[in-house]
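A short worksheet on the structure shown next.
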Amino acid sequence: MNDAILITGFNGEIGTQTLLSLSQRQIPIIALDINKSDIKYDNVTYIKDSILNENIIKSIFNDYNIIEVYHFAALLSQSANNNPELANQVNEEGSKLIINTAMNHGKKHESFIKIFFPSSIAVYGPRKLKNAQELDIMKPQTIYGRNKLAIEQFGTHKHEESLELGFGIDFRCLRFPGIISPFTVPSGGTTDFAPQMLHAAFNNENYICKVDSLTRLPFLGMKNTIKVIIDIMSFKIINSKLRAFNVQEMSLNPTEIIEQLQKEFPKFIVDFDIDSKFQSIADTWPESLNCDEASEKWNFINKQNNDVTFKEYLIPEIKKHYGKH
Ligand code: SER
């Protein structure tokens, strides 16, 4: 049986860029998503199906010796609020199915399967924290946040069980802040205003922001998002009981994002029309994250420099991206 990597939700914002990075490795990749892919890589086998299809998940693990899993399939915070039942199924039941199937595979082959799970700042709450640490109050106020926390805990528990057995899963999880990508415009999330403003500014469009101008949230650019995923998965072991780490690059409010964008796009105009569905969630998510655990346990480098991220990464990359089309 050939070694292979499994990635779920590969058509999503982070999934697309992770698959691009993984596709450069000399190893077969099984890519699962409910939507078809427009881009084809030679070493990738595409499967158009749901992570809730138990038969498909089991057959993937029967047909390949899966050594790493990148599990991105999920509904974001706003989508989850609009469809709680589906969110519980996809975000929780689907994730448990992946973890349990990987665990059984590890037991059968007497090996450890590395699983990457993207968690979120949505696990925090109910109060907005500054410099939130991993063990600070976690009373998520959204379905999405509760789903993420449940899987962090389930995965960590299965990880501990695996250590006792000597095989099973090796669970690695990051609590992502809002992600800003120059390549795609996300939808369904609460932090989407940041990337949406970047794309609107580039395309000479006015923007209406649903979150108050002074609401501060943590963010990470797409380049560093992929870097931290690849980094945390590259270590043979991560010697830590804590399995879910904070990561961030910047802490910004909409006014500061607009200022950054207006340096390059001076005509960019934003109006504010606060939407309580967005504001009430942003008010429970931290302003900023403490990333000391990630720095200590797996060498995460946290150098905040908003100018550099916008001027040297987001703006040049969005120009390149649209230049291609
Ligand atoms: N970016 C996500 C959202 O806004 C949070 O993880 O839903």
Fill in: Fewest-first ranking of LYS58, LYS130, LYS223, using other Cβ atoms within 10 Å as the exposure measure
LYS130, LYS58, LYS223
Worksheet item: Which distance in nm do the two modelled labels at ASN2 and ASP307 give, with both placed 7 Å along the Cα-to-Cβ direction?
Response: 4.9 nm
Discussion item. Which GluC sites (Glu not before Pro) in the stretch 103-201 sit in a loop by DSSP (not H, G, I, E or B) and have at most 15 other Cβ atoms within 10 Å of their own Cβ?
Written reply: GLU110
Discussion item. Just to be sure I understand: of the beta bridges DSSP finds with both ends in the chain, what percent are antiparallel, rounded to 5?
Written reply: 5 percent
Fill in: the stretch 53-174: relative contact order in percent, alpha carbon pairs under 8 Å with at least 6 residues between
32 percent
Fill in: Between the stretch 1-51 and the stretch 196-259, the Cα center-to-center distance that results, in Å
23 Å
Item to complete: Determine the alpha carbon to alpha carbon distance for each of LYS210/LYS267; LYS227/LYS267; LYS236/LYS297; LYS48/LYS107 and list only those over 24 Å.
Response: LYS227/LYS267; LYS48/LYS107
Worksheet, complete the sentence: Of 291-299, 14-22, 35-43, ordering from highest average Cβ density within 10 Å down gives 14-22, 291-299, 35-43
Discussion item. Within 13 Å, Cβ to Cβ, of PHE265, how many net charges do the neighbouring residues add up to if Lys/Arg are +1 and Asp/Glu are -1?
Written reply: +1
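Laboratory data are not the source of any read-out in this text; all were calculated from the coordinates shown. Keep in mind that this is a model prediction, so the values were computed, not measured. Neighbour counts are summed over all protein chains in view; Cβ atoms, including those assigned to glycine, are modelled from backbone coordinates with ideal geometry.
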